[in-house]
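The values are calculated or read from the model by the stated rules, or taken from the named source; none is laboratory data. Computed from a predicted model, the values in this text were never measured in an experiment. So basically every Cβ, Gly included, is an ideal-geometry build from the backbone, and we count neighbours across all protein chains shown.
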């Protein structure tokens with residue numbers, strides 16, 4: 001999130017529009033990967049904000065690898081849903097085809113793990129709830 005940190009130095013706490021991508025990662029058991037976030041203590045999707053020069057798809061690939069150690073072989077665009085005040089514009093992708101060894105970004109998360117779709121945690125990151133609900137309606 002280097003670009004956003006640099007921008008905050010210039011604009012302070014003025015409202016911003018932040019663009020990013022998240023990835024709904026589904027394993028062979030049809031379980032969803034979530035991260036236990038350090039910033040708010042909730043479980044949420046893998047994802048983050050766009051750096052200058054990136055496409056939304058590039059954000060999704062980069063954030064997935066940085067936060068999980070997994071490399072997406074293929075992403076499918078799903079949906080474009082919507083403190084210092086920030087207005088989020090986020091593209092959601094699905095990934096069922098990935099490789100690598102699962103590990104979490106220790107700066108951003110306490111842990112990551114796969115959950116059965118019918119047993120997702122109740123303390124979900126509020127920003128991710130509409131994306132997850134929309135996804136669950138589709139599957």
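Just give me the residues in the range 121-139 being within 17 Å of residue 42 (Cβ to Cβ) and touching a helix residue (DSSP H, G or I) at 6+ places or on another chain (Cβ under 7 Å), in sequence order.
Within the range 121-139, just 124 meets the criteria.
Does residue 63 satisfy the criteria of being outside any strand (DSSP E or B) and at negative phi?
yes
In the range 36-48, which residues are more than 9 Å from the chain's Cα centre (by Cα) and either more than 25 Å from residue 7 (Cα to Cα) or part of a strand (DSSP E or B) (or both)?
Correct list: 36, 37, 41, 42, 43.
For residue 13, only one of the following conditions fails: (1) touching a strand residue (DSSP E or B) at 6+ places or on another chain (Cβ under 8 Å); (2) at pLDDT below 95; (3) in a loop (DSSP other than H, G, I, E, B). What is its number?
(1)
Could you list all residues from the range 17-30 that are more than 16 Å from residue 74 (Cα to Cα) and either in contact with a helix residue (DSSP H, G or I) (Cβ under 7 Å, 6 or more places away or on another chain) or assigned to a helix (DSSP H, G or I) (or both)?
18, 20, 30
I need every pair where a residue in the range 82-103 that is on the phi > 0 side of the Ramachandran plot and at pLDDT 95 or above has its Cβ under 8 Å from the Cβ of a residue that is in a strand (DSSP E or B) and loosely packed, with under 14 Cβ neighbours inside 10 Å, sequence separation at least 6 or different chains.
Every condition considered, the pairs that remain are 100/71.
Give 61, 135 a once-over and let me know the one that is within 30 Å of residue 11 (Cβ to Cβ) and surrounded by 18 or more Cβ atoms within 10 Å (Cβ to Cβ).
Among 61, 135, only 61 is within 30 Å of residue 11 (Cβ to Cβ) and surrounded by 18 or more Cβ atoms within 10 Å (Cβ to Cβ).
Which of the residues belonging to the range 98-116 are under 17 Å from residue 73 (Cβ atoms) and surrounded by fewer than 12 Cβ atoms within 10 Å (Cβ to Cβ)?
Within the range 98-116, 99, 101 meet the criteria.
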